[in-house]
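Accompanying notes for the structure given below.
Laboratory data are not the source of any read-out in this text; all were calculated from the coordinates shown. Only a predicted model underlies this, so the values are computations on that prediction, with no experimental measurement involved. Because the Cβ atoms are built from the backbone with ideal geometry, glycine has one as well, and the counts that use them run over all protein chains shown.
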Amino acid sequence: MNHLLKLSDLSKAEIIDILNLASQLKYERKNGIEHKKLSGKTLGMIFQKASTRTRVSFEAGMYQLGGQAMFLSSRDLQIGRGEPVEDTARVLSRYLDGIMIRTFAQQEVEDLAKYGSIPVINGLTDYCHPCQVLADLLTIREFKGGFEGLKMCYIGDGNNMANSLIVGGLKVGMQVSIACPEGYRPDPKVLSFAADCGDSFFMTDKVLEAAQGADVIFTDVWSSMGMEGEAEARKIAFKGYQINDEVMDVAAKDAMVQHCLPAHREEEITAKVFEAHANEIFEEAENRLHAQKAVLVKLLG
């Protein structure tokens, strides 16, 4: 593994290897065991989209590993003033040990990796969110003990989260179902990958059909960053695509709920369900730190 651009680039063995290291680093952190695996290393963090969890978890993670993280706003970089991404990649490669970028276009991340000579980590694009889903898989394994025989259900927009959850869930051996309205389906490349997995993948526009017997239920906001102008239309399109008591009643008895946050209570999830599963959701949020530390060690260590 030279970069983390999207989960489809990784094998099942590579994903499990990252999760195993994340579990080890989490255990050591909880037990006061310090290590400086990235002493003297610097991570440049390019943000063209705002963030709470991504910035804090990467910055804290680099500090805990003995390195440092440098916040690079698109307003402060020449890339925000028209410098070609290939030039930015070649310059930053001479200063830094790795780049994390949170941006809009997946191609920008791919080009950074192509033209640079240091590891590149995708902190989020409109296409996928691999770091979040590694944290999600870590959380599922902690609460469920593994992946085989489990059913993951995603309800809502076929966005970057849906794309990465489908790929990640199928790669580790889970059944994956998704409920989304027509016109808001996942990327065709992801659906093509899922089709090759046969009966392990199921997509519908019926929420209760997708949630039937699910062991883990995911959702995300109806309007992601950059879609503010579509908010009202999306509220109409996604009416009923909500994790609520009715959905939980048809899921497995011990079903867990995951949300990448921020959550809009009473839209994609009710406040009642959110609070009932808050421990799982905030463990998921914490696991961004541990999963990303594992990625950083693998790539920069």
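Numbers for the structure displayed
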read-out	value
Along the chain, longest interval not containing exposed trypsin sites (Lys or Arg not before Pro), exposed being DSSP loop plus at most 16 other Cβ atoms within 10 Å	95-205
Set of aspartates and glutamates with alpha-carbon distance to Lys41 below 15 Å, sequence-local pairs under 8 removed	Glu59, Asp97
Overall dimensions of the range 132-284 by Cα: Rg and Dmax, Å	14.1, 41
Simple label model, 7 Å out from Cα along Cβ direction - Asn244 to Glu142, nm	3.0
Residues of the range 1-16 with amide N under 19 Å of the 7 Å Cα→Cβ point at Tyr115	3-5
Sparse-neighbourhood loop sites, chymotrypsin sites (Phe, Trp or Tyr not before Pro) in the range 92-124 - DSSP loop, at most 15 other Cβ within 10 angstrom	Tyr95, Phe104
Low-density loop positions, GluC sites (Glu not before Pro), the range 178-237 - DSSP coil, at most 10 other Cβ in 10 Å	Glu182
Inter-probe distance in nm under a simple model that places probes 7 Å from Cα toward Cβ, at Glu14 and Ile236	4.3
Subset of Lys26/Lys114; Lys30/Lys114; Lys144/Lys189; Lys49/Lys235; Lys171/Lys293 violating a 27 Å alpha-carbon distance limit	Lys26/Lys114; Lys30/Lys114; Lys144/Lys189
About the Cα centre, charge dipole magnitude for the range 1-140 (Lys/Arg +1, Asp/Glu -1 at Cβ), debye	420
Cβ-placed point charges (K, R +1; D, E -1), dipole of the chain about Cα centre in debye, nearest 20	1040
